[in-house]
Each structure stands twice: as C-alpha cells, then as structure tokens.
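**Q** Attaching a single structure in structure tokens format; questions to follow.
The values are calculated or read from the model by the stated rules, or taken from the named source; none is laboratory data. What you see is a predicted model; the values in this text were computed from it and never measured. Neighbour counts run over all protein chains shown; Cβ positions are idealised from the backbone, glycine included.
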Amino acid sequence: MEYNTKREAMAIPEYGRNIHKMIDYCVNIEDREKRTKTAHAIVNVMGQMNTPNYKGTDFEHKLWDHLHIISGFNLDVDSPFPPPNKDDVSKKPERISYSKSEMEYPHYGKHVERIIEAVTEIEDGEKKDAIVLAISNFLKKSYLNWNRDSVNDETIIKNLQEMSNGKLNLKEDYTLISSSEALAKPKKQKNIVNKKSTQTKSNKKKYKRRF
C-alpha cells in the first residue's frame with residue numbers, strides 16, 4: 001500500500017495523483033505516435049475535469065503547459081503549442097477547483113472515477129481509444145500496487161465498465177500490459193546512454209589489445 005508520506009509531491013495537486021501517474025505513464029510510452037495520441041487524450045480529460053469557465057485557445061494552451069510541467073518537462077510529443085520554458089515557470093499555476101465525490105474504489109484512488117466520468121463525455125475516436133487504454137493500464141498498475149498478486153485483464157475491464165456505467169469499453173484488439181510490466185519501474189534514459197557509452201569504450205579497449 002502506498003502512503004502519503006512516501007509519495008512524491010505533485011507538481012499541480014489540483015489535477016490529482018491519478019492524472020500525474022497517467023502523464024508519467026505517457027512519458028514512458030516508447031512509440032512516439034502512441035505517446036502523442038495519449039498526451040492529446042490526457043489533455044482532453046484535463047479539460048473535461050476542469051471547471052467549465054474557460055474555453056478557447058488560451059485555455060487549451062494552459063492545459064498543454066500544465067501537461068509539460070507535470071511531466072517534469074520530459075514529455076516529447078507533437079504538441080499544438082511549444083512547451084513552456086522550465087526557467088520561466090517560477091510561480092505556481094492557477095488553481096483548479098473540483099467538486100467532491102465519494103471514493104468507491106479505494107485501491108484506484110479518489111480521482112479515478114472523475115477521470116473516467118470525464119472520458120465518457122469525449123467524442124468517440126482515436127483519442128478516446130488511446131485514453132481508455134491508458135486508463136485500463138493505469139487501473140492494472142494501481143490494482144497490482146494494492147495487491148501484488150497477479151490480476152487477469154477481465155477483472156480490470158469489468159472494473160472499467162462498472163466505474164463508467166458501461167460507457168467505456170476497451171477495444172477488442174487492444175492488449176493490456178503484463179503484470180511484470182505494470183510492476184516494473186521505468187528505466188532512466190540516462191542510464192541507458194551511459195551503459196552504451198561504457199560498452200563502446202570497453203569494446204574499443206578490447207579492440208586495441210588485439211594489436
């Protein structure tokens with residue numbers, strides 16, 4: 001079980017920890033096209049969750065800025081707006097208010113039902129399919145973090161259907177991540193680069209020794 005004292009501080013707490021985790025998940029998607037689709041879908045959800053007092057290009061731009069800030073400026077996607085300059089982000093973003101709701105699935109977190117509710121309002125299409133897959137994988141990760149035993153995909157899909165009142169369904173040709181992938185910690189890109197560099201240097205030394 002994950003305790004608040006052991007959790008990392010959220011960049012923008014108003015979005016909730018689940019949005020932060022979904023953005024972390026998006027950052028680690030290897031395929032750029034899938035990563036971009038998921039990012040667009042998450043921004044759509046962030047807009048749906050927000051109080052409907054703002055609309056238009058400026059509002060959308062703010063959402064994308066928040067997305068990059070939450071990702072720690074590590075999200076490499078095809079964005080409709082340039083990412084904000086990390087050095088210029090010196091003050092806290094504008095607060096966002098949400099209505100309170102009762103938590104029915106404690107192992108998924110208190111904000112996940114609001115996220116799912118927001119996604120049900122999104123128009124059907126690739127963006128919605130991408131976010132439904134991201135949510136499903138997120139649910140699986142959360143379930144396994146709560147209960148380390150293996151969980152079958154049917155349970156996750158059933159939970160998603162119940163929490164969305166039957167409005168969200170994972171496409172039949174989509175596959176959830178495995179339990180081992182869900183529990184694995186994301187690899188740091190820097191370590192991979194360093195390892196490759198070390199291996200290259202080692203190979204050069206071995207090559208020289210032959211002569």
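**Q** Restricting the first residue to the stretch 65-88 and requiring it to be over 17 Å from Y15 (Cα atoms), which pairs with a second residue that is assigned to a loop (DSSP other than H, G, I, E, B) and not charged (D, E, K, R) meet a Cβ separation below 6 Å and a spacing of at least six or different chains?
**A** Close Cβ pairs satisfying both conditions: K86/F73.
**Q** Across the stretch 71-88, what is the number of residues that are crowded, with 16+ Cβ neighbours inside 10 Å and touching a Phe, Trp or Tyr at 6+ places or on another chain (Cβ under 7 Å)?
**A** So the answer is 2.
**Q** Mind listing whichever residues of the stretch 142-166 are of a type in the set (S, T, Y), in a helix (DSSP H, G or I) and either at pLDDT 90 or above or more than 20 Å from the chain's Cα centre (by Cα) (or both)?
**A** Step one: of the stretch 142-166, the residues of a type in the set (S, T, Y) are 142-143, 150, 155, 164.
Okay, now just the ones that are also in a helix (DSSP H, G or I), so 142-143, 155.
Result: T155, single match.
**Q** I've got another one for you. For a quick check of your reading of the model, give me the residue pairs whose first member lies in the stretch 143-156 and is within 10 Å of S179 (Cα to Cα), whose second is among the aromatic types (F, W, Y) and surrounded by 15 or more Cβ atoms within 10 Å (Cβ to Cβ), with beta-carbon atoms closer than 6 Å and at least 6 apart or on different chains.
**A** Close Cβ pairs satisfying both conditions: V151/Y143.
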